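The values are calculated or read from the model by the stated rules, or taken from the named source; none is laboratory data. Please read all numbers here as calculations on a predicted model, not as lab measurements. Neighbour counts run over all protein chains shown; Cβ positions are idealised from the backbone, glycine included.
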Amino acid sequence: MNKNSNMSILLRGLLLENPVFVLILGTCPTLATSTTVIGALGMGLAATAVLICSNAVISLLRRFIPDTVRIPCYIVIIAGFVTIVQMIIHAFLPALFEMLGVYLALITVNCIILGRAEMFAGKNTVGKSVLDGVGMGIGFTLALLAMATVREILGNGSFAGIEIPFISNYKIEIFTKCYSFLLLGQIT
C-alpha cells in the first residue's frame with residue numbers, strides 16, 4: 001500500500017504508529033482516564049474531535065503561520081478546540097465532565113495532538129490531515145478502551161459501569177490503581 005495513500009494514512013494511527021502503544025505518547029491521560037470504559041471512551045472521543053479539528057485548521061493555515069511562532073500558534077488553535085469540546089461535554093454530559101476532570105483541559109498540551117500538528121498537519125493537505133486525525137484518534141481511543149476494559153473488569157468487577165456477577169465478587173482493586181503500567185509495558 002502506498003505510504004501516502006488515504007487508507008495508509010488512516011490505518012497508520014491504528015497499527016503502525018498507534019500513539020499510545022507504539023509511539024508511547026499521551027500516557028498521562030491514558031493512565032489517568034483508563035480506569036473505566038466510559039471515562040476512556042469519553043477521553044478518546046474528546047481527543048479525537050480536537051485532533052481532527054486542529055489538524056484541519058493547522059493544515060489550512062500552515063502557509064500563513066511563521067516558523068518563529070509555529071508552536072505557540074498550534075497551541076492556541078488546539079486550546080480553542082479543547083475549550084469548545086469542554087463546553088459541549090459540560091453542557092450535555094456533566095457526569096462525564098466530572099469524571100474526566102482536569103484531564104479534559106490537559107488535552108491542550110497532549111503530545112499526541114501537538115505532535116501530529118507538528119509532524120503531519122503542518123506539512124500536508126487538509127484532507128490528509130483530517131484522515132491522520134481520524135486514524136490517530138481512533139488508535140488513541142482503542143488503546144484507552146483496551147486498557148480500561150482490563151482495568152475495570154479486574155479492578156471493579158464491572159464493564160461500562162455494569163456489574164459482572166461472578167467477577168465482581170473477586171475484584172482486585174489494585175488493577176484500577178496501577179495495572180495500566182504493566183499493560184503499557186507489555187505491549188511496547
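So the values come out like this:
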{"quantity": "Close pairs (8 angstrom Cβ cut-off, 6 or more residues apart or separate chains): among the basic types (Lys, Arg) in region 67-81, surrounded by 15 or more Cβ atoms within 10 Å (Cβ to Cβ) anywhere", "calculated": "ARG70/GLU118; ARG70/GLY122"}
{"quantity": "Condition check for ALA117: small (Gly, Ala, Ser), surrounded by fewer than 22 Cβ atoms within 10 Å (Cβ to Cβ), in contact (Cβ under 8 Å) with a residue 60 or more places away in the chain and under 27 Å from LEU10 (Cβ atoms)", "calculated": "no"}
{"quantity": "Odd one out for THR83, checked against (1) surrounded by 19 or more Cβ atoms within 10 Å (Cβ to Cβ); (2) modelled with pLDDT of 85 or more; (3) hydroxyl-bearing (Ser, Thr, Tyr)", "calculated": "(1)"}
{"quantity": "One residue from LEU184, LEU142 being under 17 Å from the mean Cα position of the chain (by Cα) and modelled with pLDDT of 85 or more", "calculated": "LEU142"}
{"quantity": "Matching option when the condition is crowded, with 20+ Cβ neighbours inside 10 Å, out of contact with any Leu (no Cβ under 7 Å at 6 or more places or on another chain) and over 20 Å from VAL130 (Cα atoms), among THR35, THR48", "calculated": "THR35"}
{"quantity": "LEU14, sole failed condition from (1) outside any helix (DSSP H, G or I); (2) in contact with a Gly (Cβ under 6 Å, 6 or more places away or on another chain); (3) farther than 28 Å from GLU152 by Cα", "calculated": "(3)"}
{"quantity": "Residue among GLY101, GLY122, GLY26, GLY115 that is modelled with pLDDT of 90 or more and not aliphatic (A, V, I, L, M)", "calculated": "GLY122"}
{"quantity": "Residue match in region 146-166 (condition: part of a strand (DSSP E or B), surrounded by 14 or more Cβ atoms within 10 Å (Cβ to Cβ) and either at pLDDT 80 or above or β-branched (Val, Ile, Thr) (or both))", "calculated": "yes"}
{"quantity": "Residue match in region 63-70 (condition: surrounded by fewer than 17 Cβ atoms within 10 Å (Cβ to Cβ), among the basic types (Lys, Arg) and at negative phi)", "calculated": "yes"}
